[in-house]
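Below is one structure, written out as structure tokens; the observations come after it.
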Amino acid sequence: MRCLPLRPRRLVGYCNPGFMVSYIVDALIFKYVAFFGVWLSLIFFNYFLLTTFTSFPHAALAAFLYAETNFLVGV
């Protein structure tokens with residue numbers, strides 16, 4: 001069985017700062033800014049996740065599932 005070619009250090013490296021800033025902003029009682037920060041971090045995470053896949057079916061499935069997750073977080 002072949003593993004997917006994900007680069008977890010790169011993905012976590014791009015997401016962690018966004019989520020940390022959102023947490024700090026949330027602690028300062030700026031709820032809408034924190035929510036936008038989390039959503040923006042998820043969108044960047046989606047972009048870098050999709051660029052790691054080499055096959056189109058895997059990338060399409062990941063894009064669909066991630067778009068659904070972003071929609072549910074936004075609702």
Fill in: In the stretch 52-75, residue nearest to the chain's Cα centre (by Cα) [restricted to those that are β-branched (Val, Ile, Thr) and surrounded by 11 or more Cβ atoms within 10 Å (Cβ to Cβ)]
69
Item to complete: For residue 34, indicate whether it is of a type outside the set (S, T, N, Q), exposed (fewer than 15 other Cβ atoms within 10 Å of the Cβ) and in a helix (DSSP H, G or I).
Response: no
Fill in: Test for residue 3: is it surrounded by 15 or more Cβ atoms within 10 Å (Cβ to Cβ) and either modelled with pLDDT under 80 or of a type in the set (Gly, Ala, Ser) (or both)
no
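The values are calculated or read from the model by the stated rules, or taken from the named source; none is laboratory data. Not measured: the values here are computed from a predicted model. Every residue, glycine among them, receives a Cβ derived from its backbone with ideal geometry; neighbour counts consider all protein chains shown.
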